[in-house]
Amino acid sequence: MSHVIRVNPIDCRAHGMCAELLPEMIQLDPWGYPIVAEHPVPEDIVGHARRAASACPTLALLVEDGDRPRRR
Amino acid sequence: MTSLESVPNLEPVPRLAPARVSPATRMPRLLDGAWSEWSAHLDAHLDRHGPPPVHVRRDALIDTVERSGLTGRGGAGFPTARKLRTVADSGRGATVVVANGMEGEPASSKDRLLLTRVPHLVLDGISLAAHAVGADRAVLCVHRGDPDFADWLRGCVEDRAAAGIDPVRIEVAELPRRYVASEQSSLVRFLDGGPAVPTFGPRPHERGVGGRPTLVNNVETLAHLAQIARRGDHWFRAVGAAHAPGSMLTTISGAVNRPGVYEVPMGLSVGEALLLAGGPAERPKAVLCGGYFGAWLPAEVAWNVPMTHGDMRRAGAALGAGILIALPESACVLGETARVIRYMAQETAGQCGPCVFGLPALAEAFSELAFTGGRGRGIQQVRRQIDLVDRRGACRHPDGVAALARSALDTFADDALDHDRQGPCAGLRRPPVLPLPPRSEREEVRK
Amino acid sequence: MNLSLNGPGLWYVTRATGIVTLLMLTFSVFLGVVTRSRRSTRRLPRFVLLGLHRNVSLMVMIFLTLHVLTTVVDSYTNISLLDAFVPFLSQYRTVYLGLGALACDVLIAVVLTSLLRERIGFRTWKTLHLLSYLCWPVALVHAWGTGTDPGVLWGRWIGYACVAFIAGVVAWRLVIGARPDRADTLAP
């Protein structure tokens, strides 16, 4: 099962922990908001992705099933 | 009894449609009888069309809509029958129907035209849709700009209630007049007591008003539904293209001799549509296809593109809600686009950082390129800002702006280079062409 | 030192763990405010500050448990397990001890909801987490009222230091503020 990362842009308050914890897939734009890579999460860093999602203070980072893609 | 005289603030609309349906073109359809003085009267409507057939079997109705090939007329062009079926088959109790008459696009007037000239056709469509999906609640959403308009519509609903036409009492809701308020999820959120701004989460057909599966359709789509239910799918398909059947309303403005709303068969070329609107008033340079979420096409290219979703997409533009704006040669594409982007930057819902910060930054970069220019790095700056906003919000607002900005740079690459290297062109000296609402009319979305 | 159940020795452990709990709680609230501001330094990235906040809070729970246990087990005073969680039941310094029980309950609620935050959703969690702003002053008043140590100079200074620490970080937050985000630029 593959995983993808999505951000809920409404809940995101630019804390930036996700970019610190998953720099392989998340960069910050000039205003501190995450730019998330769209490819599936490589298996070896799925754990880091989950940790980043757990660390998000507003629970805006989502790790989801890549085989059932949701809108946006 | 409601009549046309009681409709306040009706904008003048050119009376061009023939008095009767022409057997040759089989047009007009939605606008058949719309120019008569009593078109908004319930009696006249019932005389002409009869009551809406709300007693046909639900699945038979949806089948007919499916065979007709009707697609959404609000911009996305989604197959209507599929939407109906999804909500009807959700199996979670009574559903809700929401009719989108908000018409957030400044350059579009077709929904307003329908609601003022043939409101009962729209209301028929709402009733039939409610029947088709098993709804126990139906709401027509309009914007607050005109205080008497909603009351007048409620009067129309009253007349129908007195005649016992509708299975469900249709409510009329007034929402703030903002661009993002016309988004599907904004309507649902507002009806649930929240602000009229989009959400990020389940789509309305999964969890809509009150958590129930909700059908959201544009008022024009519902008007077509009302006709298909009476006259069948063959009738609907008798005009238009095989892959894009039926007729559609298009709002044509800009440098044409007779701007206004026209009903055209789908698949009509942009050029033919512009000719219907009296032809270009000045030699056209470009056509904005699809409104402010669409794209620019050079006039020679646009002229032959059929007005269907597929053909427009292949040409690099969009059909959207059928908006065409002709830009004359004397105008500047970049300048006009910069104005629109600045407007869009002020119209964010204020919820998503990338949009709230990124759109003003894009507007500034684009304005710099269009109005100042000459520094040689303007295009690069703009492209960078476009990439920072594209697909980074909760709704399609930033995406639409990104598409518009890209199309200006790609389609008029030479103009962009000239601006970047030498500075603004003469086109900026003439008055602007693209319509935008004045600042004073813009409301707070959070009321 | 006589640490038997019948002597004053256990009371020293209670006092000590109480002070440490208060200090850790102060530090945790401080870190919470800093986390919320979304600021960081190069040596202390945000995920470290957040991790510290969470770990210090868990330490608070450990020391609080010790503090409550030693109090209850100690026969020197007549405080039962129930008194530790249900406010204002005890005979001994009813009000101040009751406040301690209140702070304890609130803290348990805050920590539990934080452990379950991915299940309860952000908005519910956020509302409940604001209770921690209630918890700290209540704990402070409890320490002031029940503690033997405010009678001693160094006891009072610990209290002043905690107040200064939190007042300082709250003032910093209000004046310098968080890193700007979209809430500051809501479209007109």
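Things worth noting here:
- The stretch B:40-70, subset over 17 Å from residue B:231 (Cα atoms) and of a type outside the set (A, V, I, L, M), residue surrounded by the fewest Cβ atoms within 10 Å (Cβ to Cβ): B:43
- Scan of the stretch A:22-72 for residues that are within 9 Å of the chain's Cα centre (by Cα) and over 17 Å from residue B:200 (Cβ atoms), ordered by number: A:22, A:25, A:26, A:37, A:49, A:50, A:52
- For residue B:25: the one exception among (1) of a type in the set (Val, Ile, Thr); (2) surrounded by fewer than 20 Cβ atoms within 10 Å (Cβ to Cβ); (3) modelled with pLDDT of 90 or more: (3)
- Candidates in the stretch B:377-394 are the residues that are aliphatic (A, V, I, L, M) and more than 13 Å from every other protein chain (Cβ to nearest Cβ); of these, the one that is farthest from residue B:197 (Cα to Cα) is B:379.
- Condition check for residue B:122: in a helix (DSSP H, G or I), closer than 28 Å to residue B:205 by Cβ and touching a residue at least 40 places away in the same chain (Cβ under 8 Å): yes
- Answer from B:232, B:271, B:267, B:279 - the residue that is free of Cβ contacts under 8 Å to residues at least 24 places away in the same chain and surrounded by fewer than 22 Cβ atoms within 10 Å (Cβ to Cβ): B:279
- Of the residues screened, residue B:296 is not one that is surrounded by fewer than 24 Cβ atoms within 10 Å (Cβ to Cβ), touching a helix residue (DSSP H, G or I) at 6+ places or on another chain (Cβ under 7 Å), in contact (Cβ under 8 Å) with a residue 24 or more places away in the chain and of a type in the set (A, V, I, L, M, F, W, C).
- Test: residue in the stretch B:314-332 that is in a helix (DSSP H, G or I), surrounded by fewer than 22 Cβ atoms within 10 Å (Cβ to Cβ) and outside the structural domain of residue B:407 (by TED's automatic domain parsing): yes
- Here the stretch A:24-48 is the region considered, the condition is being away from every other protein chain (no Cβ under 11 Å) and part of a loop (DSSP other than H, G, I, E, B), and the residue that is nearest to residue B:398 (Cα to Cα) is A:37.
- Scanning the stretch B:197-215 for residues that are outside any helix (DSSP H, G or I) and away from chain A (no Cβ under 14 Å), we see that the one that is surrounded by the fewest Cβ atoms within 10 Å (Cβ to Cβ) is B:212.
- Leading residue by the ranking (nearest to residue B:205 (Cα to Cα)) among those in the stretch B:160-191 that are part of a helix (DSSP H, G or I), of a type outside the set (A, V, I, L, M, F, W, C) and out of contact with any Ser or Thr (no Cβ under 6 Å at 6 or more places or on another chain): B:184
- Number of residues in the stretch B:351-376 that are within 14 Å of chain A (Cβ to nearest Cβ), without any contact (Cβ under 8 Å) to a residue 24 or more places away in the chain and either touching an Asp or Glu at 6+ places or on another chain (Cβ under 6 Å) or not hydrophobic (A, V, I, L, M, F, W, C) (or both): the value is 3.
- Annotation: residue C:157 fulfils all but one of (1) within 11 Å of residue C:22 (Cβ to Cβ); (2) surrounded by fewer than 16 Cβ atoms within 10 Å (Cβ to Cβ); (3) not charged (D, E, K, R); the unmet one is (1).
- The lone criterion from (1) out of contact with any His (no Cβ under 9 Å at 6 or more places or on another chain); (2) surrounded by 19 or more Cβ atoms within 10 Å (Cβ to Cβ); (3) of a type in the set (D, E, K, R); (4) touching a residue at least 60 places away in the same chain (Cβ under 8 Å) left unmet by residue C:83 is number (4).
- In the stretch A:53-66, the residues that are more than 8 Å from chain C (Cβ to nearest Cβ) reach residues that are small (Gly, Ala, Ser) with C-beta atoms within less than 8 angstrom, at least six apart or across chains, in these pairs: A:61/A:52; A:61/A:53; A:62/A:53; A:63/A:49; A:63/A:53; A:65/A:2; A:66/A:2.
The values are calculated or read from the model by the stated rules, or taken from the named source; none is laboratory data. These figures come from a predicted structure and were not determined experimentally. Because the Cβ atoms are built from the backbone with ideal geometry, glycine has one as well, and the counts that use them run over all protein chains shown.
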